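Accompanying notes for the structure given below.
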Amino acid sequence: MLTDTASLQTVLDVVGVLVFALSGAIVAVRRGLDLFGILVLGWVAGLGGGIIRDLFLGITPPVAVSDWRLLAAAVTAGLGVFLLHGTWEQASAARPHARWRVSYAVRMLDAAGLAVFAVSGALVALDRSAGPFAAILIGGITAVGGGVLRDVLARQVPEVLQRELYAVPALVGAALVVLLHHVGALSPLTAWLCVGLVFAIRVVAVALDLNAPRALRSTPVD
């Protein structure tokens, strides 16, 4: 691997799958889906970006469906949300002014998954000898792919199309990975620093409601 250890890629993938699968499972519960629906939405959210990445790079079968550790992470996240969501809701109801709400949890998990997969996607692309521009794009697609599939299946407008800065932090993180590789400074430490930077940008964007420019409208939309 480019970072001198294959374990870094595995850790990034497992962490990314776990946090994105948690967000997908929580969304599934909020939409009233049953256990199977929760597991499917968690699996799609956690593994969708990695599958898209591998298909772009010609990796078959995709690691997301061939590595039992990634499948186990997605299933564990789905079952955990299914079993504990009721207890969590009761605790939240007892403290109506608590900040730790379901929507907040989804945003934070989404930000974590975005950060991890942006870096992971760029690393895999570079390891497959993709060019710098391709590696940046694949890193961004890997980061947003699972969330887009999750939202489409949940019948809601994908976060990447409407909410605070979403794809931009992922592209920034992927670009930084490519730059570090180009100057010979890419290591496990700098890779995790890139993850932290993407997460921080996304969290700040949510907290300050920072958005990409939108087209001006002459009349309000119903």
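The values are calculated or read from the model by the stated rules, or taken from the named source; none is laboratory data. In this text the structure is predicted, and so the values were computed from the model without any measurement. All Cβ positions, even for glycine, are placed from backbone atoms using ideal geometry, and neighbour counts span all protein chains on display. Surface areas here come from the heavy atoms of the whole protein model, side chains and all, with no ligands, DNA or RNA. Shrake-Rupley method; radii C 1.70, N 1.55, O 1.52, S 1.80 Å.
At-a-glance table
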quantity: Close pairs from region 105-123: first touching a residue at least 60 places away in the same chain (Cβ under 8 Å), partner hydrophobic (A, V, I, L, M, F, W, C) and not in a helix (DSSP H, G or I), Cβ under 8 Å, at least 6 apart; calculated: Leu123/Met1; Leu123/Leu2
quantity: Condition broken by Arg69, with the remaining ones in (1) part of a helix (DSSP H, G or I); (2) modelled with pLDDT under 90 satisfied; calculated: (2)
quantity: Residue tally, condition crowded, with 24+ Cβ neighbours inside 10 Å and touching a Ser or Thr at 6+ places or on another chain (Cβ under 8 Å), over region 104-121; calculated: 6
quantity: Any pair with Cβ under 9 angstrom, 6 or more apart, that starts in region 3-32 at a residue that is of a type in the set (Lys, Arg) and ends at one that is modelled with pLDDT of 90 or more and open to solvent by less than 20 Å² (accessible area, probe 1.4 Å); calculated: Arg31/Gly37; Arg31/Leu41
quantity: Residue that is modelled with the lowest pLDDT, among those in region 129-163 that are of a type in the set (Lys, Arg) and more than 16 Å from Val17 (Cα to Cα); calculated: Arg163
quantity: Failed condition for Leu84, given (1) within 19 Å of Ala115 (Cα to Cα); (2) open to solvent by 70 Å² or more (accessible area, probe 1.4 Å); calculated: (1)
quantity: Lone qualifier among Val19, Val44, Val14 - being assigned to a helix (DSSP H, G or I), surrounded by fewer than 20 Cβ atoms within 10 Å (Cβ to Cβ), touching a helix residue (DSSP H, G or I) at 6+ places or on another chain (Cβ under 6 Å) and not hydroxyl-bearing (Ser, Thr, Tyr); calculated: Val14
quantity: Residue in region 181-192 that is modelled with the lowest pLDDT, counting only those that are in contact with a Leu (Cβ under 6 Å, 6 or more places away or on another chain) and buried (at least 20 other Cβ atoms within 10 Å of the Cβ); calculated: Leu186
quantity: Boolean, Ala174 is under 17 Å from Asp13 (Cα atoms) and touching a helix residue (DSSP H, G or I) at 6+ places or on another chain (Cβ under 8 Å); calculated: yes
quantity: Matching residues, region 126-164, being on the phi > 0 side of the Ramachandran plot and either in a helix (DSSP H, G or I) or among the basic types (Lys, Arg) (or both); calculated: Arg155
